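I have placed the structure first, in the form of structure tokens, so that the comments after it can refer back to it.
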Amino acid sequence: MVNLSIDMTDYTKPNVHNILCLFAALLVVILLFSTIPAKPAIAQVTTYPEYVVVSGDTLSWIALRFDSSLDNLLALNGLTETSMLRPGDRLKIPSLAGMQGVLTTEYVALGSSLTSLSRRSQAQPADLIRANNLTSPSELFIGREIVITHIEDAPVMTTMASLKPGQSFLEASVLAGQNTWTLTRMNRLQNPLRGLPMDTYYKPSDVESPSNLAIPGVKEIVVDNLPLFQGDTFLIEVTSDEPVKVRASLAGVEPVFVDMGGGVQMAYGGIHALTDVGVYPLTMEFSNNGGETYRFDQYVMISSGNFATDKPLQVDPASVGTEEEKAENEKFKAVVAPVTPVQQWSGLWYSPAQDADCVISSFGSRRTYNEDPNLYYHTGLDLGYCKGVDVYAPAGGTVVGVFPDQVVRGNAIVIDHGLGVYTIYMHLAAILVSEGEVVEPGQLIGIIGTTGRSTGPHLHFEVDIQGTPVNPLTWLRRAFP
Ligand SMILES: [Zn+2]
């Protein structure tokens, strides 16, 4: 018994202690578990890229722009719907959780690809895809607005000289005076021994390169007048520091490059008004004196010109679809074909009529004549005579065609402005210039009439580029180059 009681005492005391310990331990465990859900929120800080507010921004527009709900945007930034935004304010974007840096908007430039954009901005390709909802590389067409993240205080990146055939990225990075491994990582290459000859690589620099391409000898390529619409004019300007032969092709148009001196070459092209709306590859080819040829494609969007459809027109049957009309068309086509290598205009053009706003019919409108089933379109701008009947040269040029009494065009004049750009004046009552005459901008050249295929007095003013009629308003609204 004694032994037992001793045993009891001996066992009871530690047992009470054990139970207390167990209970305390259990309490600690319970407390520990109850705090676990809060812990990861502190340990794993979610990052958000920041958008810098510009003048005119609203909270709902920013939410829409980044595919975020307004409520989420307000909650994350501690704002209410009535909060005021000031330019320079920074907003975290909830829909792009996990990304970092400052969000900026830019336009896809010639030579940009997902890889080159990622190399230049040092943003992950996956982040660029997400921020721009990209589903296909063709969506990165030239002139498209895209969102890019920039890490603040990160170095500016500039293009490296392109790899010569057989040259490794390792060799190129040494020649560029850069740390090979840093540069390999920045350019997202797995191995510095690998690299592609025509690919664009970047290195940190003090000055950002205007070009996204690394073509030997070529300093800059600019595609002007983007975004393009049906019936639009485009200009490609190439600056090189060594002789290079350039070829380009877009939507069936092959603009002719003219040497402007000082290493600059220019080519004007016209998008046909009946070109299907869509994304087209711009193909460019560069050949140097060493016999090397570089070629690349990049997509360009051609948007709708939103042209109207005119009421069916009733005109003299002898002027529609006849042999005489075909012969007249061929004659005018031949006159506007040569690309004269001298630009005779400068700056913005004048209106050829006394009242620039007296528009009777716009360029591009779809038309039918009599019972002819073919679809035609209006190849020029019809100006009435609201203030007067004078017709002026809109820009400097040379009169290369004086054609009285044509079946379709009536009394017509053709002026060559150089670089493949021509203007045509139709249905005139009188022609006041002669062939070969050099005209000054604003010079009186004719009188408005209703000769040829015309339903009333007006001037049909047409601008042709390498034979393709383009929207004349482009030339009256902006200066080229
Ligand atoms: Zn017309």
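Between GLY380, GLY396, GLY388, the distinction of being under 23 Å from LEU444 (Cβ atoms), within 15 Å of the ligand (Cβ to nearest atom) and small (Gly, Ala, Ser) belongs to GLY380 only. Number of residues in region 427-474 that are touching a Phe, Trp or Tyr at 6+ places or on another chain (Cβ under 7 Å) and more than 16 Å from the ligand (Cβ to nearest atom): the value is 6.
Enumerate the helices (runs of 4 or more DSSP H) found wholly within region 69-162, keeping only those where 1 or more residues are under 19 Å from VAL207 (Cβ atoms). Output list reads 114-121.
Entry remark, region 299-329: residues being under 23 Å from TYR268 (Cβ atoms), of a type outside the set (A, V, I, L, M, F, W, C), out of contact with any Pro (no Cβ under 7 Å at 6 or more places or on another chain) and not in a loop (DSSP other than H, G, I, E, B) number 1 in total. Condition check: of a type in the set (S, T, N, Q) and within 16 Å of LEU381 (Cα to Cα). Does THR474 satisfy that? It is true that THR474 is of a type in the set (S, T, N, Q) and within 16 Å of LEU381 (Cα to Cα).
Being touching a residue at least 40 places away in the same chain (Cβ under 8 Å) and not acidic (Asp, Glu) is a description that applies to GLN314. Taken together, the residues in region 451-466 that are in a loop (DSSP other than H, G, I, E, B) and surrounded by 15 or more Cβ atoms within 10 Å (Cβ to Cβ) amount to 6.
Among residues that are at pLDDT below 90 and closer than 30 Å to LEU282 by Cα, ASP316 is not included. Filtering region 400-448 to residues that are at positive phi, in a strand (DSSP E or B) and not small (Gly, Ala, Ser) leaves ASP405, HIS427. Can you find even one residue in region 361-375 that is farther than 23 Å from ALA479 by Cα, away from the ligand (no atom under 16 Å from the Cβ), modelled with pLDDT of 95 or more and part of a loop (DSSP other than H, G, I, E, B)? So far as region 361-375 goes, no, none of its residues is farther than 23 Å from ALA479 by Cα, away from the ligand (no atom under 16 Å from the Cβ), modelled with pLDDT of 95 or more and part of a loop (DSSP other than H, G, I, E, B).
Of the listed requirements (1) part of a strand (DSSP E or B); (2) over 22 Å from GLU292 (Cα atoms), GLY231 misses just one: (1).
The values are calculated or read from the model by the stated rules, or taken from the named source; none is laboratory data. Every value quoted in this text rests on a predicted model; they were computed, and no experiment measured them. Positions of Cβ are backbone-derived with ideal geometry, glycine not excepted, and every protein chain shown enters the neighbour counts.
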